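Read the structure below first, then the notes.
Read-outs: derived from the displayed coordinates by stated rules, not from any lab. Keep in mind that what you see is a predicted model, and the values were worked out from it rather than measured. Every residue, glycine among them, receives a Cβ derived from its backbone with ideal geometry; neighbour counts consider all protein chains shown.
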There are 2 protein chains.
Amino acid sequence: MFEVFEKYLRQWVEISDEEMKLIRAASFERKIRKWQSILHEGEVWKIACFITTGCFRLYRFSADGTDHTLRFGVENWWISDQESYNLEKPSEYNIEALAASTIIVWTKEKWEELRETIPALKLFNERLLARGYETSQQRIYSLISNSAEEKYLEFQKTYPKVFNSVPLHMVASYLGISRETLSRIRKDFTRRD
Amino acid sequence: MFEVFEKYLRQWVEISDEEMKLIRAASFERKIRKWQSILHEGEVWKIACFITTGCFRLYRFSADGTDHTLRFGVENWWISDQESYNLEKPSEYNIEALAASTIIVWTKEKWEELRETIPALKLFNERLLARGYETSQQRIYSLISNSAEEKYLEFQKTYPKVFNSVPLHMVASYLGISRETLSRIRKDFTRRD
DNA sequence: AAATGACGTTGACATTTGTCACGCTTTTTG
DNA sequence: CAAAAAGCGTGACAAATGTCAACGTCATTT
């Protein structure tokens, strides 16, 4: 599965074969079964985690016990709790597999070491973070400016792959609307077609 | 006014006096009058901009002509359009001063040069971006999980300084609710006290 | 193969939030 | 200082969205 990651990484930055060997040597693969959690609230996130197959979500419980999906992750995405990783503080989130999945993992120690050693990897990480920030901005804009229907359509259009991989009630929780509302929006659309 | 910035920066990273001199030499100050825009939709954001006094907001118009506030900036904050800056593409946003303000400015060229030259400054920039990302996550969580009232209370509590510097209808647009709803929430609270 | 639980849908109704219209006060501007 | 605009609040009503309860289907597990 490492070949998938190799191809992915080389789309972002130039990496020599030597460097790639180092990155590979520091990594290991893991299989995750459906519904398995790889981060529980209260734990500290101490790895870098690249998804080669399958699907995950990052979510959080609010005071009333309902859960809210902060982010999804599918093939060729990273999944993490940046805040817990950076500040080494207990996470307020959970990460669970929505399907049987395989991931490539680096311990924080090794990943940080690689970042120091390989400038291109550091550059990659900066670009990834910058893109993540931009994406967050766009999501915020969508959340404050769009109706439920508009949010739904935009999500479907922007992340079709994700949309087709995850249960609808989690899409609803990601968009900040109830699953019933989402269901009715969908009904309206099937009528119009 | 540069002393303000100096103090700010040294809270984040260690900077020698030599380095600080370089940073200062590359900067210049500007006074901005109330309602003046320092970024118009369609322009490319090509500076680094630190607010020493006053107040700004980053906002965007949606198709129906209403405007939506993505972010505020007050004393000791940065204000920018990261996406336009990084990708050098025309901005979809506007930045305007909500009060007479003073800012410290570096051109993109000089700022990037300083980042290359001064490792601590690069480190600072990375930390700032990381924190910005974490903050975005928290805002997204608030937007998808909280009621209008909860969003209002959280904003007031988390950013009291900002809250007390900006018009209420912009707070409403920042929270993604109408100004009338915000007004009514406030009324409920004055009654309870 | 049966049992279980996840998933999606729907109706009825409650609640929240938005929209429009208006007026008053404060701030800004010429 | 006077005029104009911004800012804030509020009533009446409309629209959007949430809640609760129930049902059928499908997938997973045992």
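Counting DSSP beta bridges with both partners in the protein assembly as shown, what percentage is antiparallel, nearest 5?
100
Take the Cα of residue B:127, step 7 Å along the line toward its Cβ, and report every residue of segment A:120-141 whose backbone nitrogen sits under 11 Å from that point.
The answer is none.
Output, in nm with one decimal and in ascending order, the distances from the residue B:190 label point to the matching label points of the other copies (7 Å from Cα along Cα-to-Cβ).
5.0
Residue A:165 label points, 7 Å along Cα→Cβ, one per copy: pairwise distances from this copy to the rest in nm, shortest first?
Those separations, rounded to one decimal, come out as 4.1 nm.
Once you treat every alpha carbon in segment A:2-117 as an equal point and sum by Debye, what is log10 I(q)/I(0) at q = 0.18, 0.24 Å⁻¹?
-0.95, -1.43
Give, rounded to the nearest 20 debye, the magnitude of the charge dipole that chain B has about its Cα centre when Lys and Arg contribute +1 at Cβ and Asp and Glu contribute -1 at Cβ.
For this selection, approximately 700 debye.
For residue B:1 and residue A:3, what is the calculated FRET efficiency with R₀ set at 35 Å and r taken between the beta-carbons, to the nearest 0.05?
0.05
For residue A:100 and residue A:88, compute 0.36 nm times the residue count separating them, minus their Cα-Cα distance, and round to one decimal in nm.
Extending this stretch completely gives an extra 1.5 nm.
Note down the relative contact order for chain B as a percent, whole number, built from C-alpha pairs under 8 angstrom at least six residues apart.
Dividing the mean separation by the residue count of chain B yields 24 percent.
Nothing charged except the Cβ atoms of Lys and Arg (+1) and of Asp and Glu (-1): what's the magnitude of the dipole of the protein assembly as shown about its Cα centre? Round to the nearest 20 debye.
1060
So if R0 is 56 Å, what FRET efficiency would residue A:10 and residue B:165 give, r being the distance between their Cβ atoms, rounded to the nearest 0.05?
0.75
Which of A:122/B:110; B:110/B:157; B:31/B:110; A:89/B:157; A:34/A:161; A:31/A:161 have a Cα-Cα distance over 29 Å?
Cα-Cα > 29 Å for B:110/B:157; rest within.
For peptide A:78-85, compute the average count of partner chain beta-carbon atoms within 10 Å of each residue's beta-carbon.
Whole-number average of other-chain Cβ neighbours for A:78-85 is 2.
For residue A:53, place a label point 7 Å out from Cα along the Cα→Cβ vector, do the same in each other copy, and report the separations in nm, one decimal, smallest first.
Here residue A:53 shows inter-copy label distances of 6.4 nm.
At a Förster radius of 41 Å, what calculated FRET efficiency corresponds to the Cβ-Cβ distance of residue B:116 and residue A:180, to the nearest 0.05?
Computed FRET efficiency for residue B:116 and residue A:180 comes out at 0.15.
Show that you can apply the helix-only estimate: for the protein assembly as shown, add -39,500 (n - 2.57) for every DSSP H stretch of four or more residues, divide by all residues, and state [θ] at 222 nm to the nearest 500.
-15500 deg cm²/dmol
Per residue of A:128-135, what is the mean number of Cβ atoms on other protein chains within 10 angstrom of that residue's Cβ?
The per-residue average across the peptide is 5.
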